[in-house]
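So the structure is just underneath, and the comments pick up after that.
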Amino acid sequence: MAQEARAEFTELLAARGVSRRDFLKYCGSVAALLGMSEMYAPQIAAAVGKLQPALWMAHGLCTGCTESMAQVDNPDVPTVVLDLLSVNYWETVMAAAGTQAEDNVAATVAAGGYVLIVEGSVMLGENGNVLRIGGKPGIEELKTVAAKAAAVIAVGSCAVDGGWVAGAPNIANATGVSKFLKDSGINVPVINLPTCPVNPEWVVAMLVDVLLMGELADGSILKKLDDMGRPKLIFGSTIHDNCPRRGHFENGEFVVFGSPTQAADEAAGWCLYQMGCKGPTTQTNCPLVRWNHRSSWCVEAGSPCIGCGNANPITGGPGNWFDASAPFLTRHADVRLPGIGGVQPSTIGAVVGGVAAVGLVAHGLGSAAKGRVKGVPTETQKVHDAKMASKGGDK
Amino acid sequence: MSHEGHYREAHPLIFVVTHWINLVCMIGLAFTGFYIHYPFFAGFMYGARAIHFLLMFVIIINLACRIILAFWVKTANQLGTRETDIDLKNWLPQKENKYQFMETVKYYTFFRNTRVISAKYGALQKIAYLATPIITLFMAYTGFALYTPAHSWAIWPFFAAGVSFFGGAMGIRIAHYFGMWVVILFTMVHAYLAAIDGFKPLWGLIFLWRETPGDEH
Ligand code: HEM
Ligand code: HEM
Ligand code: HEM
Ligand code: SF4
Ligand code: SF4
């Protein structure tokens, strides 16, 4: 995508059916997403016209995130903005191919100062040969490209911590980008945007934040991230706290599988807690930003949240959203017991409690049989003292 | 039934009160906790959470009072005596408990038939009563890590460390849930042993503050 596109940015928007008014309105919503006053909209609009180069690298993925970026039937503003971003490499959508595409990457890396967007998990298995890019192990490519980047945006759960690819038993030995770069000694700011797939509005908002608002240069972007490297504004409150079904939760009105009133309760929009909703343990702003032109989102559409916004980029594998949420339709995740597999915590509790109850009853019967209930005499000397005394007596 | 007298000095009134508060709070927290875990009947979620959030503060304040009082309230220092000492000394292991752990285990597993010499409490009881504050604190710690208002408290990083230790919000929820089972198991064994070691004198004393004189031998 050529640089000259920047100059006629507004005309290009117009050509794709986006009016300047729509565009400004959209920039206002980006400002809101970034926690800025909507007064910044013109500044954002001006800045979007001179975006820096970016590379979009695909690793161990299902292409769902790319799919998600193109989530619409007719282009909407975020799609157009991304379309016009000077993305010099984006496997799924670029026109270039073969060595020409490789050359684009090399030229961008040589120039430096670009933003690297990574989609998909880093697959370490088979010495990185699980995924090969341009004739090399994928992890080598990632190191080369990340080393010169101004910042990395890990889009989607896979890039953040390995995602479902890293779910147990994780045979590809997948991990997240931030963990991989840290372990490889590559020190570059990484912004983590989990969910499966990523929400395009967050990607646009972060590009604006990093590239346009100068927050990368002065380091202030890092203060806006939580300890998981996620923007606090997006991942700062639970889904449960912003959920339109919350009133039903408080009233104790739940949809229950197989109950005679299930269909009616679903139609009434009752809470999906008992269907395994992970909203209370998941922090994203899905209920506010929503998906697909802000038209709906998982819980609004009738599905319990499956907790895909959870992340564990620090260890980069175990405890990621997939392991922390599966099975999706139960209240708790399974606990993995060696040799047994996934077991629900309530099963473990009930079994242990039941065994203890049986044990106590058996003990009670034993005590009764031994006649202990009537009273037992107490020893007159400790066994230990008796032993010591007999030893002392020998001397 | 044991032969010793059960006198009020063993459990002064204030500790009968703290014990009652513990019991009521634990039953309330476990019931509402079960409900929060899986709302098994309709219409009570707001109430269940409100009660859970109230009782959690009550039980923590009660625990703090119990520990502070242990430093200056005097309690009986042995079984069946009116002789008293600072409660803390009787709460921690006493010299009579030394070497008696395995013997106590043997007694309860029917490998010996005479009761072992113990101090105010037997070796296993001592461990259990030292474990109660720890498990209560564990419930408080994991509970506050689940409590959304805690996210805005200045000490939040202290809880956040635990959240990442348990592998995220789901992990800490499961830890809190398992903690409940530990409390339930403790209470089952604890109440059972108190019942077989002398239901009338022990329960009478701890709940009704009623004395039972010892056998005259
Ligand atoms: C985590 C990433 C994803 C995985 C592992 C995944 C996996 C799959 C699989 C295995 C199928 C069945 C394919 C077949 O019928 O042969 C499927 C179908 C489908 N996926 Fe995905 N998917 C992912 C993400 C997405 C995303 C992000 C979207 C859209 C935004 C999407 C949209 C669809 C649709 C529409 C179908 C149905 C296709 C049809 O029935 O013709 N998927 N997916
Ligand atoms: C001592 C201080 C305690 C605090 C601060 C505390 C706090 C909490 C909080 C904040 C929740 C989450 C409620 C929600 O998100 O709606 C919760 C849930 C729960 N609590 Fe407690 N709690 C405490 C003690 C206990 C005790 C003693 C028990 C049991 C004996 C207990 C059992 C539970 C259970 C089973 C849940 C549901 C967990 C789940 O399945 O998601 N809690 N507690
Ligand atoms: C049905 C429930 C319960 C029964 C029947 C019961 C009974 C008793 C009895 C008889 C004693 C006196 C033991 C002795 O003097 O040798 C005692 C002491 C004690 N119990 Fe319980 N109890 C119950 C529940 C609980 C619960 C839920 C807790 C903890 C949270 C608890 C904590 C303690 C502690 C710490 C002591 C030592 C005395 C003290 O520190 O003041 N009990 N209990
Ligand atoms: S549907 Fe999920 S997020 Fe919404 S109120 Fe119910 S439990 Fe919470
Ligand atoms: S609502 Fe839950 S499952 Fe749906 S995208 Fe958001 S975090 Fe993922």
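The values are calculated or read from the model by the stated rules, or taken from the named source; none is laboratory data. Nothing here was measured: the structure is a model prediction, and the numbers come from that model. Counting neighbours? That spans all protein chains shown, and the Cβs are built from the backbone with ideal geometry, glycine included.
Could you tell me whether A:Met228 is more than 16 Å from ligand 1 (Cβ to nearest atom), hydrophobic (A, V, I, L, M, F, W, C), under 26 Å from B:Pro157 (Cβ atoms) and within 14 Å of another protein chain (Cβ to nearest Cβ)? If you could, list the steps in order and put the result at the bottom.
Working: more than 16 Å from ligand 1 (Cβ to nearest atom): yes; hydrophobic (A, V, I, L, M, F, W, C): yes; under 26 Å from B:Pro157 (Cβ atoms): yes; within 14 Å of another protein chain (Cβ to nearest Cβ): yes.
So A:Met228 passes the test.
Which one of these is away from ligand 5 (no atom under 16 Å from the Cβ) and of a type in the set (S, T, N, Q): A:Asn173, A:Asn192, A:Asn199? Talk me through it step by step, then tell me what you get.
On the way: A:Asn192 fails: away from ligand 5 (no atom under 16 Å from the Cβ); A:Asn199 fails: away from ligand 5 (no atom under 16 Å from the Cβ).
Step by step, each of A:Asn173, A:Asn192, A:Asn199 is checked, and only A:Asn173 is away from ligand 5 (no atom under 16 Å from the Cβ) and of a type in the set (S, T, N, Q).
Return yes or no: is A:Ala386 within 25 Å of B:Pro201 (Cα to Cα), out of contact with any Lys or Arg (no Cβ under 6 Å at 6 or more places or on another chain) and of a type in the set (A, V, I, L, M)?
Values: within 25 Å of B:Pro201 (Cα to Cα): no; out of contact with any Lys or Arg (no Cβ under 6 Å at 6 or more places or on another chain): yes; of a type in the set (A, V, I, L, M): yes.
The answer is no for A:Ala386.
Out of A:Phe254, A:Phe235, which single residue is in contact (Cβ under 8 Å) with a residue 12 or more places away in the chain and touching a His at 6+ places or on another chain (Cβ under 9 Å)?
Values: A:Phe235 fails: touching a His at 6+ places or on another chain (Cβ under 9 Å).
Exactly one of A:Phe254, A:Phe235 is in contact (Cβ under 8 Å) with a residue 12 or more places away in the chain and touching a His at 6+ places or on another chain (Cβ under 9 Å), namely A:Phe254.
If I ask for residues that are of a type outside the set (A, V, I, L, M) and under 17 Å from A:Gly229 (Cβ atoms), which ones from the stretch A:121-168 would you list? Lay out the reasoning, then the answer.
From the stretch A:121-168, those of a type outside the set (A, V, I, L, M) are A:121, A:125-129, A:132, A:134-138, A:140-141, A:143-144, A:148, A:156-158, A:161-164, A:167; that's our starting set.
Hits for the stretch A:121-168 are A:Ser121, A:Gly156, A:Ser157, A:Cys158, A:Asp161, A:Gly162, A:Gly163.
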Could we say that A:Glu201 is of a type outside the set (A, V, I, L, M), assigned to a loop (DSSP other than H, G, I, E, B) and buried (at least 17 other Cβ atoms within 10 Å of the Cβ) here? no
Could you go through the stretch B:112-126 and let me know if any residue there is touching a strand residue (DSSP E or B) at 6+ places or on another chain (Cβ under 9 Å), touching a residue at least 40 places away in the same chain (Cβ under 8 Å) and crowded, with 16+ Cβ neighbours inside 10 Å. yes
Give me the residue from the stretch B:154-173 that is more than 7 Å from chain A (Cβ to nearest Cβ) and assigned to a loop (DSSP other than H, G, I, E, B) and, out of that set, farthest from the chain's Cα centre (by Cα). B:Ala154
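Looking at the stretch A:286-395, what helices (runs of 4 or more DSSP H) fall wholly within it and have at least 3 residues that are within 13 Å of another protein chain (Cβ to nearest Cβ)?
A:321-325, A:345-369, A:383-394
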So A:Asn104 fits all but one of (1) touching a helix residue (DSSP H, G or I) at 6+ places or on another chain (Cβ under 6 Å); (2) part of a helix (DSSP H, G or I); what number is the exception? (1)
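So which residues in the stretch A:321-374 are polar (S, T, N, Q) and either within 30 Å of B:Phe110 (Cβ to Cβ) or in contact with a Ser or Thr (Cβ under 7 Å, 6 or more places away or on another chain) (or both)?
First, the residues of the stretch A:321-374 that are polar (S, T, N, Q): A:325, A:330, A:344, A:346-347, A:367.
Once the filter is applied, which keeps residues that are polar (S, T, N, Q) and either within 30 Å of B:Phe110 (Cβ to Cβ) or in contact with a Ser or Thr (Cβ under 7 Å, 6 or more places away or on another chain) (or both), the stretch A:321-374 yields A:Gln344, A:Ser367.
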Output for the stretch B:62-83, where each listed residue is under 18 Å from B:Pro133 (Cα atoms), out of contact with any helix residue (DSSP H, G or I) (no Cβ under 9 Å at 6 or more places or on another chain) and either within 12 Å of ligand 3 (Cβ to nearest atom) or of a type in the set (Val, Ile, Thr) (or both): B:Ile68
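B:Tyr38: modelled with pLDDT under 95 and within 13 Å of chain A (Cβ to nearest Cβ), yes or no?
Numbers: modelled with pLDDT under 95: yes; within 13 Å of chain A (Cβ to nearest Cβ): yes.
Yes.
Rundown of residues vs (1) under 16 Å from the mean Cα position of the chain (by Cα); (2) within 14 Å of chain A (Cβ to nearest Cβ); (3) at positive phi, yes/no style:
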| site | (1), (2), (3) |
| --- | --- |
| B:Asp85 | no, no, no |
| B:Glu96 | no, yes, no |
| B:Val105 | no, yes, no |
| B:Gly122 | yes, yes, no |
| B:Ile127 | yes, no, no |
